[in-house]
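The values are calculated or read from the model by the stated rules, or taken from the named source; none is laboratory data. Keep in mind it's a predicted model, so treat the numbers as computed, not measured. Cβ sites come from the backbone with ideal geometry, for glycine too, and all protein chains shown count toward neighbours. Please note that ligands, DNA and RNA were not included when accessible areas were found on the heavy atoms of the full protein model with its side chains. Shrake-Rupley method; radii C 1.70, N 1.55, O 1.52, S 1.80 Å.
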Amino acid sequence: MNISESINHFLPEIEIFLPKNEVDYYGFSYYLSHSLNFKYKYSFSSWVHGWIFNELKYIEQFNIAQYSPLYKIVANKKQKRFLNNHDFHNIEIAGYPYIYIKNNPQIKKIKNSLLIIPPHNTNLLNHKWDEEKYIQSLLYNKNNYEFIFFCIHQECYKKNKWVKNLNKYGINFVVGANSNDKNSLLRTKYIFQHFETVHAPTIGAAIAYAAFDGCKVSLSEDYLEYKIDGYIGHPLYKEKKEYIEYEIYTKSKEYIKGKYDFLFSEPKESKKYESWAYKELGAEYKKDMREIPKLLGWENRDKFILYFLKYINTIKRAFTK
């Protein structure tokens with residue numbers, strides 16, 4: 001089957017749900033539960049998602065609202081030291097969730113295929129870019145690749161961002177992830193398994209994930225910058241604007257060029273960086289799946305005390321606000 005048929009065949013359906021905790025994000029709890037032959041279980045630990053690509057400076061780079069009664073699970077030793085220095089304890093190191101998602105052995109990479117990952121919005125953010133101008137800058141790749149797709153974030157697809165201009169220029173797209181989709185991590189994995197080359201105009205976890213999955217990866221010189229206007233709906237826009245400004249700066253081309261200059265190239269000149277992604281995603285700290293129930297507080301003997309501690313934490317937070 002061709003690439004479109006394969007994507008449609010293997011990608012799991014989007015199943016929207018309301019995450020109860022950080023481990024639920026992108027369907028990670030459901031993936032782990034299924035892999036371990038459990039019914040869904042509430043997790044008493046929180047687990048840092050994504051990829052923190054910038055230097056650690058603000059505690060807000062971690063989801064501190066999800067600090068849980070059992071563990072805060074982080075990707076590497078540097079993150080653990082940072083949290084310890086900010087008086088957060090009970091820290092476990094286990095890599096990022098993405099490293100636990102298994103490949104589907106039936107999916108084969110399609111030769112001469114290119115996937116573009118544009119920047120995205122969430123339900124809280126509303127960034128705007130000149131979509132048509134960026135798409136036009138990529139049209140020359142039609143001479144270099146037989147298959148070109150964009151991967152559109154679910155929230156962007158709902159808001160019809162990118163879609164109109166992609167249709168105008170005859171470029172295919174696939175709908176990717178969202179934090180409240182039970183199958184997002186699987187969808188992401190299976191999408192990257194299909195493509196030889198992945199290219200993006202902004203930094204993000206997708207580049208690290210794609211490299212981890214054996215894709216050639218690169219960033220565009222036609223880089224798309226984030227602006228403060230897009231963050232007006234962010235809960236920290238007024239409370240801690242300096243953090244938002246730091247996020248914007250560290251997503252800029254200037255900052256990323258200084259830190260990841262090797263990623264900038266044309267798609268045809270891009271390379272594989274599997275060992276780099278392995279280190280970035282904390283794969284060296286990956287836990288045995290049999291350790292997961294204890295790590296997340298899923299064992300029945302632990303639940304009573306953990307529910308009690310969760311209640312106490314909730315009361316404490318209410319009084320410290």
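Tabulated data for the structure shown
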item	result
Local electrostatic count, residue 297, Cβ distance below 11 Å [Lys/Arg +1, Asp/Glu -1]	+3
Kirkwood-based Rg to Rh ratio, segment 121-277, C-alpha trace	0.95
Span-like helix ranges in the chain, DSSP H, alpha carbon extent 24 angstrom or more, Kyte mean at least -0.5	300-320
Cβ-derived FRET efficiency at R0 22 Å, residue 271 paired with residue 102, nearest 0.05	0.35
Low-density loop cleavage sites - trypsin sites (Lys or Arg not before Pro) in segment 84-142, where at most 13 other Cβ are within 10 Å (DSSP)	102, 108, 128
The chain - accessible surface per residue (Å², probe 1.4 Å)	50 Å²
Residue among 193, 136, 61 with the largest mean-square fluctuation in a Gaussian network model of the chain, springs linking Cα atoms under 10 Å	136
Full-stretch length increase - residue 257, residue 77 - with 0.36 nm per residue and alpha-carbon distance subtracted	62.3 nm
Cα convex hull of segment 51-195, projected area averaged across orientations, nm²	11.0 nm²
Theoretical ellipticity at 222 nm over the chain - DSSP helices of four or more residues, -39500 (n - 2.57) apiece, nearest 500	-10000 deg cm²/dmol
Residue among 233, 297, 50 with the largest mean-square fluctuation in a Gaussian network model of the chain, springs linking Cα atoms under 10 Å	233
Accessible carbon and sulfur surface of the chain relative to its total accessible area, %, 1.4 Å	50 percent
Which labelled figure in [x] 55, 43, 39; [y] 61, 44, 35; [z] 52, 44, 43 is Cα extents along the principal axes in Å, once derived from the coordinates	[y]
Whole-number percent relative contact order across the chain, with pairs defined as alpha carbons under 8 Å at least 6 apart	23 percent
Whole-Hz couplings from phi, Karplus 6.51/-1.76/1.60, listed for segment 225-238; x for Gly and Pro	8, 8, 10, 4, 4, x, 9, 4, x, 6, x, 9, 4, 8
Within a Gaussian network of the chain (alpha carbon springs, distance under 10 Å), most fluctuating of 305, 91, 14	305
Share antiparallel - DSSP beta bridges, the chain, percent rounded to 5	10 percent
